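Notes follow once the structure below has been shown.
The values are calculated or read from the model by the stated rules, or taken from the named source; none is laboratory data. If you're wondering where the values come from, they're calculated on a predicted model, not measured in any experiment. Every residue, glycine as well, gets a Cβ built from its backbone with ideal geometry; the counts of neighbours run over all protein chains shown.
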Amino acid sequence: MGRYSVDEFIEMTGQKDLGEGLFELERDRMLELNLNGRVWTKRGSMVAYLGDVKFTREGVLEHGVGKMLKKAVTGEGVSLTKAEGQGKVYLADEGKKISILKLDNDSIFVNGNDLLAFEDGINWDIKIMKKVTGMLAGGLFNVKLEGTGMVAITTHYDPLTLKVTKNRPVFTDPNATVAWSGNLKPDLKTDISLKTLVGRTSGESVQMAFKGEGFVVIQPYEEIPFQAAPPS
């Protein structure tokens, strides 16, 4: 296994049209966009393209001063690129697994680092979650997507979705939290006992608390540590 002739390798790994439309999983870690118009993508995620496609970094004032200021605060974590034209575009992000979600007049929050691509007709806005000043340096930065269309998200390994009900809230590690339903507004909380036990002021001592009715997507990996502010 793992040894092939050149022709065998080309046949085994070659691109195949699956007829799935605009967003197509060419591999579980590579997304193919069958582009005929415009799609928003994570900056730096393009690995190849065919056809007549133009890539433009999001215009600073294109979506208003509010989003411009939020982007200035959040930095590169939610930088977007427009892919416009006709052709095939291949996207990937550090070998992370890709999931395609079809929104049907829905809304969802996605961690800024875990958003790979979304259709042009979907409304989006950057949300800064900083309910407790100083708990997490800089806060948590997410993108709210709403409307109808496809969204591609990424996870390290296989995602797990937990249902949130009125009788069963869900608590997650911010670094392992990928996405959640648009109707939920998580709180940040500290666990003093864990902080004391672990002897640090980050990681499990800070949690996201989801209460109400909805869902939360997590991954078996702690991504981009959100460092807590040092004690005064």
Looking only at region 143-170, how many residues end up being crowded, with 17+ Cβ neighbours inside 10 Å and more than 23 Å from R29 (Cβ to Cβ)? 2
Scanning region 171-189 residue by residue, the ones that are touching a helix residue (DSSP H, G or I) at 6+ places or on another chain (Cβ under 7 Å) and either exposed (fewer than 14 other Cβ atoms within 10 Å of the Cβ) or among the acidic types (D, E) (or both) total 1
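Could you go through region 41-53 and let me know if any residue there is of a type in the set (D, E, K, R), under 11 Å from L91 (Cα atoms) and assigned to a loop (DSSP other than H, G, I, E, B). Can you show your working first?
Let us first name the residues in region 41-53 that are of a type in the set (D, E, K, R), namely 42-43, 52.
Retained after the next criterion (residues that are under 11 Å from L91 (Cα atoms)): 42-43.
The next check asks that each one be assigned to a loop (DSSP other than H, G, I, E, B); those that pass are 43.
Yes: region 41-53 contains one or more residues that are of a type in the set (D, E, K, R), under 11 Å from L91 (Cα atoms) and assigned to a loop (DSSP other than H, G, I, E, B).
Given the criteria out of contact with any Lys or Arg (no Cβ under 8 Å at 6 or more places or on another chain) and surrounded by fewer than 17 Cβ atoms within 10 Å (Cβ to Cβ), does G112 qualify?
Answer is no for this residue.
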All but one of (1) closer than 28 Å to I128 by Cα; (2) modelled with pLDDT under 85 hold for V39, so report the exception by its number. (2)
Taking region 195-232 only, how many residues are loosely packed, with under 15 Cβ neighbours inside 10 Å, at pLDDT below 80 and not charged (D, E, K, R)? 11
Of the residues in region 96-133, how many are assigned to a loop (DSSP other than H, G, I, E, B) and more than 19 Å from I218 (Cβ to Cβ)? 7
